[in-house]
Amino acid sequence: MQSIKFSYRKYIAVIALQIVMVMTVLDVTLVNVALPVLADNFHISSSTVVWIVTIYQLIITMLLLPVSSIGDLHSYKRTFLIGVVVFTSASALCALSSNFTMLVVSRAVQGVGAACVMGVNIALVRLIYPREILGRGMAVNAMCIAIATAAGPTIAGAILSVATWHWLFLINVPLGITAFFIGWKLLPQNPAVDHKPRFDRVSAVENMIVFGLIFYALGNFTRKGDVVLSGVLLIIGLFIGYFYVRRQFKHEQPLLPVDLFNNSMYTMSIMTSVCSFMAQNITMIALPFIYLNSYHFSTITTGLLMTPWPLATMIVSPIAARFVERHNPGVTAAVGMGVFVVGVLLLLYTGSSPAEWNIAWRMAICGVGFGMFQTPNNIVMVMATPMHRTGGAGGVQSTARLVGQTLGATLVSSIFAIIANELNAVHFCLYFSIGFALCAGVFSYTRTLGHKSELHL
């Protein structure tokens, strides 16, 4: 009876994880909607106000692997709770910001807290859920992220219609306090290990420089910034990255887990993840252009047409998690990418003036495919790593997602710069999306060969 009660208490701890995950996702979508309001409030240009989003995402990218390593070596629970405190405090500072500089600095601090949470989230899920039902924990993650993504614009609009922009950040404070106390009481500690390697501070600094320069340069390309400066920063980042990667091979438990790439299943999972998120982001960025400018839908209608995708992902993810408890998750993920390709192909051939419903069900098919893919792919990636390295593996997983999304955005920007006709540019983007999705499906299926016994929960 005692063990049942303890398990029940551990599952309640998932609430803390999901509250904070929803907060970190919402803080991107809410602020995106509020950017015109913030630009007007602080009397700054549209290109300048984007820094409120850019700095948050850049800090997360720079810190994901270092904080994941700290979690592996010390405590996932402590790292998570520190992240919650930092994120919640920074949210209050954002709301209290009296000028743009203070808001940007507060957003950077928010990024530190978000990185701490994201870096150990998967590791904590793996500690809480037994191996047999780990997929359900992954599905809860995917479902909460999908809900936050779908509801973000609506929530932002509702808040801004009755209150000032400050409340976009203030709503995090009571949620953060709640998550902290639940996590403090109920989250599990790391399993005991005989030996803990030292944290590699030099690699942490190199990691921040490399990812900071590369992601800033790629983001600057998408924002059509200084091409020469972006190119120089990208080259410097890659140059330092060469020495950073070389250093990782000398360490027992490297910050960038290069040793895990000796596992072919793990390597293929990372490649699958990057390709899939490139496909997703290319499609999500390109489609609004054709909805607004070719089909002449309103901004509100365009937003609503994007919603069936995350809603379908939210519904399908837990079903996929149950399914892979008895079936091969690698094959399931590959089939999911196939369904996604069908959805994008259907979007390519909607006609010149389609009705809203005729687009909505096609968007839903894309979401179904991605829901079938996402949870099984995450399961394969996590199960391919030792328990005491789950933090690092989770950090790489999140980094792979960010890499895929950033490369996808950069590719869309490049295509639009090269092809003058907007409709043709969107079509090219969707063809690229199909290509990357097919690569993800092939990688996903290929990794099942020779690993069938390892892939069953």
Practice problem: Examine the range 192-199 for a residue that is under 30 Å from His327 (Cα atoms), touching a residue at least 24 places away in the same chain (Cβ under 8 Å) and among the hydrophobic types (A, V, I, L, M, F, W, C), and state whether such a residue exists. | Solution: no
Quiz item: Can you tell me which residues in the range 37-81 are within 21 Å of Leu26 (Cβ to Cβ) and among the small types (Gly, Ala, Ser)?
Solution: Ala39
Practice problem: Look at the range 196-232 and say how many of its residues are in a helix (DSSP H, G or I) and under 24 Å from the mean Cα position of the chain (by Cα). | Solution: 21
Quiz item: With the range 11-120 as the region, which helices (runs of 4 or more DSSP H) entirely inside it contain at least 3 residues that are modelled with pLDDT of 85 or more, crowded, with 21+ Cβ neighbours inside 10 Å and among the aromatic types (Phe, Trp, Tyr)?
Solution: 76-96
Practice problem: Would you mind finding the one in Leu134, Leu186 that is more than 18 Å from Leu93 (Cβ to Cβ), modelled with pLDDT under 90 and buried (at least 21 other Cβ atoms within 10 Å of the Cβ)? | Solution: Leu134
Exercise. List every residue pair whose Cβ atoms lie under 8 Å apart, where the two residues are 6 or more positions apart in sequence or sit on different chains, the first residue falls within the range 287-307 and is buried (at least 18 other Cβ atoms within 10 Å of the Cβ), and the second residue, located anywhere, is hydroxyl-bearing (Ser, Thr, Tyr) and not in a helix (DSSP H, G or I).
Key: Tyr295/Ser353
Quiz prompt | Members of the range 247-277 found to be under 12 Å from Ala400 (Cβ atoms) and either in contact with a His (Cβ under 7 Å, 6 or more places away or on another chain) or hydroxyl-bearing (Ser, Thr, Tyr) (or both), listed by number | solution = Tyr266, Thr267, Ser269, Thr272, Ser273, Ser276
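The values are calculated or read from the model by the stated rules, or taken from the named source; none is laboratory data. Keep in mind the model is a prediction, meaning the values are calculated, not measured. Neighbour counts are summed over all protein chains in view; Cβ atoms, including those assigned to glycine, are modelled from backbone coordinates with ideal geometry.
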